[in-house]
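Structure, as structure tokens:
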Amino acid sequence: MKVLIHQTQTTAADCVAGLFADRLMQKPDTVLGLATGGTMEAVYKRLIARHQNAAVSFSKAQSFNLDEYVGLAPDHPCSYWHYMREKLFNHVDFDSDRTFLPHGDAPDAEAEAARYEAAIVGAGDIGLQLLGLGANGHIGFNEPTSSLVSHTRIKTLTRSTREANARYFDAFDDVPRLAITMGIGTIMRADEIVLLAFGAGKADVVAKMIEGPVSAACPASILQMHRKVTVVLDEAAASGLALRAYYEEVHPEVLDPAI
Ligand SMILES: N[C@@H]1[C@@H](O)[C@H](O)[C@@H](COP(=O)(O)O)O[C@@H]1O
């Protein structure tokens, strides 16, 4: 696991956008695994800027998002479909037939989860997977105690996750109780994974993920078992790491100043 500690959220998000741009340059038809959440907004802003500078194109790529709330149709303003259109898809050159999320309003959510898993397998699995980190250690919506080899399925959201995401809804009771999420096994099949976490609120869980035991109690800790993971942090998110002297400190002056 490569751990990069940036002085600021800006340079951390730039770094992640740069990893995506590099991958798309090398392999324009990469299958991207995409994530939602507040942290990712900074990455998508920078990818849009790079696209506007003709520094990255998504025209040959395809994407699969990690998750979607059960019960929310793609046009619901709190759906992850809506988030992705607003934050990324409407602003770059993805082929709209090649950007996928689970359908939260499918009549049979279990069948939809199985269909989504099969679609990911059919695409040859994820080439580069972007991940955020839940304050309870979840990746996607794989809440603590999730099977570490799970496939795409329905998960019940914990109260703490629903509280954390309530800011996007009118009221806490509007936050769905269930989600369709790629499984941990699905995520672990990705060729390469980049996880981004910001802020002191994530410091404890970042330390558990990187330095704690591999355990379903902190689903993100399974990333210790993946052969190619880069964890990108700002100073605050890195502040709980006991071994932080061993991790790479990244200074803005070494970043590409061109973009
Ligand atoms: N399902 C998403 C996760 O994929 C994301 O990692 C998490 C963190 O969100 P934030 O970046 O807002 O802290 O939010 C949601 O729960």
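We did not get these values from a lab; they are worked out from the coordinates using the rules stated. The shown structure was predicted, so the numbers you read here are calculated from the model rather than taken from an experiment. Cβ placement follows ideal geometry from the backbone for every residue including glycine, while neighbour counts extend to all protein chains displayed.
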Problem - Given (1) of a type in the set (Lys, Arg); (2) under 21 Å from GLY127 (Cα atoms); (3) out of contact with any helix residue (DSSP H, G or I) (no Cβ under 6 Å at 6 or more places or on another chain), index of the condition LYS45 fails - result: (2)
Completion exercise
Given the conditions (1) more than 11 Å from the ligand (Cβ to nearest atom); (2) in contact with a helix residue (DSSP H, G or I) (Cβ under 9 Å, 6 or more places away or on another chain), every one holds for LEU196 apart from (1)
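Residue by residue, here is whether (1) at negative phi; (2) surrounded by 15 or more Cβ atoms within 10 Å (Cβ to Cβ) holds:
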| site | (1), (2) |
| --- | --- |
| ASP173 | yes, no |
| PRO176 | yes, yes |
| ASP191 | yes, yes |
| GLY199 | no, yes |
| GLY212 | yes, yes |
| THR230 | yes, yes |
| ALA238 | yes, yes |
| TYR247 | yes, yes |
Exercise for the section: Determine whether the stretch 71-84 contains at least one residue that is away from the ligand (no atom under 13 Å from the Cβ) and not in a loop (DSSP other than H, G, I, E, B). Expected result: yes
Exercise for the section: Taking the residues in the stretch 10-40 that are within 12 Å of the ligand (Cβ to nearest atom) and touching a helix residue (DSSP H, G or I) at 6+ places or on another chain (Cβ under 6 Å) as candidates, determine which candidate is nearest to TYR246 (Cα to Cα). Expected result: ALA13
Practice task
Report, ordered by the first and then the second residue, all pairs with beta carbons closer than 6 Å, sequence separation of six or more or different chains, a first member in the stretch 125-149 that is surrounded by fewer than 19 Cβ atoms within 10 Å (Cβ to Cβ), and a second member that is of a type in the set (S, T, N, Q).
Solution key: ASN136/SER160; PRO144/ASN136
Exercise for the section: Restrict the check to the stretch 116-128 and report whether at least one residue is β-branched (Val, Ile, Thr), closer than 29 Å to CYS15 by Cβ and away from the ligand (no atom under 15 Å from the Cβ). Expected result: yes
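Let's see how each residue does on (1) surrounded by 23 or more Cβ atoms within 10 Å (Cβ to Cβ); (2) within 26 Å of SER150 (Cα to Cα); (3) under 14 Å from the mean Cα position of the chain (by Cα):
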{"position": "GLY18", "(1), (2), (3)": "no, no, no"}
{"position": "MET25", "(1), (2), (3)": "no, no, no"}
{"position": "THR30", "(1), (2), (3)": "no, yes, no"}
{"position": "VAL43", "(1), (2), (3)": "yes, no, yes"}
{"position": "LEU66", "(1), (2), (3)": "yes, yes, yes"}
{"position": "PRO74", "(1), (2), (3)": "no, yes, no"}
